[in-house]
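A.B. asks: My structure is below; once you've seen it, I'll send some questions.
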């Protein structure tokens, strides 16, 4: 393998054209690249640089029209917190600080930042007085997305307060003379509805022209691929999802079908009938596809494994083993390059920016894959695009709508949707559950004795999910999501909340059992059957496109001695996976799904609805 693919082709999306641009200083926030994506989508070139490697002299290019300071996981007053050359604030270039950048701007220019205690995560209402030009034509109040613990205590001299939320009096400020602006909330995520409009205002304040688009990306990428690939051929792992399909189509279009081969691996962790569907859809675009049936290999490697990160790493390593074996059998030599359909979130959430805290490991960034990338043996043509941009690219390439708008599916497949447990647990529930209080001694939820992954304050968290059996007010998805946000912000041992949709047990929750489990063929089949019910109902009720994604999760949890497992439904409303809210489907859908799942399999103890936004809960449970 070491003799293969000697040339590193890191394909840049921005090309060599000279554009006016916004420079983003990446302080390590998981949303740093999403800021860049938003700016590009508004028609302006954006470029990410590391703050500790960027000086004021580096930013004196004539085409730099503005600077954005990103969020980050650390406290600005910590000794190891990222910093930059403060001389950039004397360049006369407009500056926008976001989250950590908001706090850094205050502290660097003479203000003070106070350490927080409870934090503020998820939905909040932001109120402004209309005096700051950054919020011109922005309604007040307006919904914003928060993800912070610390807060600005005192603004720097020259700054005027510009807005607040219920839990943050210093949520925005501006210096009208210097053209500096800062906000505590994340305007780059889709769940700050006015975020794009605020960015538009900043670009206007910077005097930017709008000369960037996905159409330009395609034109420039075609030219770069032709030049850099030269006369070599390309080999691509295909999952059948949007990212790898669009990557396959792009490579096939640019290089021709004779120079691009796809390898589809049946890992045994795909959805029901997935293999046949992938083969049909890929061959429909005229691409060369080979399918390898390796379920025994993957499931054998996962036997006895319960740790989520270890599962992801094993799956990534198994992909490499299959690839190496295929290369040996087919004598693929140095005339072949390896490609992946990696996109931005795959790298960001694994700590892809220098200061970012790792959220989870993607199979495209498993250690063995990362070694190949570091050695310069992998090309990733869409690695700087987000999911919505990939979909737009797919449309430009002429792919069918059912392919472009198919729900995303994780590379490790059901391997990250089947939770495992290293030991048996039998936990009595003694505390009364009262859904109408927020008192630490009388909790409005039952905490499950398992853990799931979350993301809070740019950090990965590994905490308990909570189970609600009732909710104050009307039983609606919007109300459940708001209540879940309050609970996660209030109780520091949970990072997501679920709601009990249906049950095969009787009475109130009095006992919770967790069975020692790994990934086994029967558990894969159990999840495939539940997932198939959800997918069928989405299509039957004509609501498939009303949600962006719909993970179905199997957890080794049973209630009151009934059954052995439970199913979690996770409807997602998002555009780019960097932020998400609960997909707002009709309640009838959830009733039908829960009823059918419980009827089909008596080993299912309960069906739960995950009503947590991202942040604080990641989209997947692992």
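The values are calculated or read from the model by the stated rules, or taken from the named source; none is laboratory data. Quantities reported herein were computed from a predicted structural model and do not represent experimental measurements. We place every Cβ from the backbone using ideal geometry, glycine too, and count neighbours over all the protein chains shown.
A.B. asks: Is the range 220-235 home to any residue that is crowded, with 18+ Cβ neighbours inside 10 Å, touching a helix residue (DSSP H, G or I) at 6+ places or on another chain (Cβ under 7 Å) and in the same structural domain as residue 40 (by TED's automatic domain parsing)?
C.D. replies: So far as the range 220-235 goes, no, none of its residues is crowded, with 18+ Cβ neighbours inside 10 Å, touching a helix residue (DSSP H, G or I) at 6+ places or on another chain (Cβ under 7 Å) and in the same structural domain as residue 40 (by TED's automatic domain parsing).
A.B. asks: Kindly provide the set of residues from the range 255-274 that are outside any loop (DSSP other than H, G, I, E, B) and farther than 21 Å from residue 554 by Cα, ordered by number.
C.D. replies: Those that are outside any loop (DSSP other than H, G, I, E, B) and farther than 21 Å from residue 554 by Cα: 255, 257, 258, 259, 260, 261, 262, 263, 264, 265.
A.B. asks: Can you confirm whether residue 39 is modelled with pLDDT of 90 or more and buried (at least 22 other Cβ atoms within 10 Å of the Cβ)?
C.D. replies: Yes; evaluated as a whole, the condition is true for this residue.
A.B. asks: Name the single residue, out of those in the range 298-336 being assigned to a loop (DSSP other than H, G, I, E, B) and modelled with pLDDT of 90 or more, that is nearest to residue 264 (Cα to Cα).
C.D. replies: 303
A.B. asks: Evaluate the range 531-538: report whether one residue or more is more than 20 Å from residue 610 (Cα to Cα), without any contact (Cβ under 8 Å) to a residue 24 or more places away in the chain and assigned by TED's automatic domain parsing to the domain that holds residue 606.
C.D. replies: Among the residues of the range 531-538, not one is more than 20 Å from residue 610 (Cα to Cα), without any contact (Cβ under 8 Å) to a residue 24 or more places away in the chain and assigned by TED's automatic domain parsing to the domain that holds residue 606, which makes the answer no.
A.B. asks: Testing residue 540 on (1) surrounded by fewer than 19 Cβ atoms within 10 Å (Cβ to Cβ); (2) under 23 Å from residue 481 (Cβ atoms), one condition comes back false. Which one is that?
C.D. replies: Going through (1) surrounded by fewer than 19 Cβ atoms within 10 Å (Cβ to Cβ); (2) under 23 Å from residue 481 (Cβ atoms) one by one, residue 540 breaks only (2).
A.B. asks: Follow-up question, since we're still on this one. Among the residues that make up the range 196-203, is at least one of them closer than 19 Å to residue 383 by Cα and touching a residue at least 40 places away in the same chain (Cβ under 8 Å)?
C.D. replies: No, there is no match, as no residue in the range 196-203 is closer than 19 Å to residue 383 by Cα and touching a residue at least 40 places away in the same chain (Cβ under 8 Å).
A.B. asks: Right, next: Can you name every residue in the range 156-186 that is surrounded by fewer than 23 Cβ atoms within 10 Å (Cβ to Cβ), touching a helix residue (DSSP H, G or I) at 6+ places or on another chain (Cβ under 7 Å) and farther than 17 Å from residue 206 by Cα?
C.D. replies: Matches in the range 156-186: 156 only.
A.B. asks: Of everything in the range 299-324, what is free of Cβ contacts under 8 Å to residues at least 60 places away in the same chain and either touching a strand residue (DSSP E or B) at 6+ places or on another chain (Cβ under 9 Å) or assigned by TED's automatic domain parsing to the domain that holds residue 514 (or both)? Give them in sequence order.
C.D. replies: 318, 322
A.B. asks: Determine which member of the set 500, 569 is modelled with pLDDT of 95 or more and surrounded by 21 or more Cβ atoms within 10 Å (Cβ to Cβ).
C.D. replies: 569
A.B. asks: Out of all the residues in the range 14-21, is one or more within 28 Å of residue 169 (Cβ to Cβ) and either at pLDDT 85 or above or in a helix (DSSP H, G or I) (or both)?
C.D. replies: Checked against the condition, which is being within 28 Å of residue 169 (Cβ to Cβ) and either at pLDDT 85 or above or in a helix (DSSP H, G or I) (or both), the range 14-21 yields no hits at all.
A.B. asks: Continuing with this model, one more query. Report yes if residue 61 is surrounded by fewer than 24 Cβ atoms within 10 Å (Cβ to Cβ), at pLDDT below 95 and under 24 Å from residue 43 (Cβ atoms), otherwise no.
C.D. replies: Yes.
A.B. asks: Quick check: anything in the range 316-324 closer than 23 Å to residue 246 by Cα, out of contact with any helix residue (DSSP H, G or I) (no Cβ under 9 Å at 6 or more places or on another chain) and surrounded by 14 or more Cβ atoms within 10 Å (Cβ to Cβ)?
C.D. replies: Within the range 316-324 (the criterion being closer than 23 Å to residue 246 by Cα, out of contact with any helix residue (DSSP H, G or I) (no Cβ under 9 Å at 6 or more places or on another chain) and surrounded by 14 or more Cβ atoms within 10 Å (Cβ to Cβ)), the answer is yes, since at least one residue qualifies.
A.B. asks: Same structure again: Which residue, of 252, 291, 247, 280, is assigned to a helix (DSSP H, G or I) and surrounded by fewer than 19 Cβ atoms within 10 Å (Cβ to Cβ)?
C.D. replies: Selected residue: 280, the only one of 252, 291, 247, 280 that is assigned to a helix (DSSP H, G or I) and surrounded by fewer than 19 Cβ atoms within 10 Å (Cβ to Cβ).
A.B. asks: Quick check on the range 593-604. Is at least one of its residues out of contact with any helix residue (DSSP H, G or I) (no Cβ under 7 Å at 6 or more places or on another chain), within 20 Å of residue 462 (Cα to Cα) and in a loop (DSSP other than H, G, I, E, B)?
C.D. replies: No, because not a single residue in the range 593-604 is out of contact with any helix residue (DSSP H, G or I) (no Cβ under 7 Å at 6 or more places or on another chain), within 20 Å of residue 462 (Cα to Cα) and in a loop (DSSP other than H, G, I, E, B).
A.B. asks: What's the number of the condition residue 553 fails, among (1) farther than 29 Å from residue 455 by Cβ; (2) assigned to a strand (DSSP E or B)?
C.D. replies: Among (1) farther than 29 Å from residue 455 by Cβ; (2) assigned to a strand (DSSP E or B), residue 553 violates only (1).
A.B. asks: Here's a follow-up. Is one or more of the residues making up the range 54-64 without any contact (Cβ under 8 Å) to a residue 24 or more places away in the chain and assigned to a helix (DSSP H, G or I)?
C.D. replies: yes
A.B. asks: In the list 478, 492, which residue meets the criterion of being closer than 30 Å to residue 72 by Cα, assigned by TED's automatic domain parsing to the domain that holds residue 572 and part of a loop (DSSP other than H, G, I, E, B)?
C.D. replies: 492
Yes/no matrix, rows are residues, columns are (1) under 30 Å from residue 220 (Cα atoms); (2) at pLDDT below 90; (3) assigned by TED's automatic domain parsing to the domain that holds residue 387; (4) assigned to a helix (DSSP H, G or I):
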| residue | (1), (2), (3), (4) |
| --- | --- |
| 34 | yes, yes, no, yes |
| 75 | no, yes, no, no |
| 79 | no, yes, no, no |
| 84 | no, no, no, no |
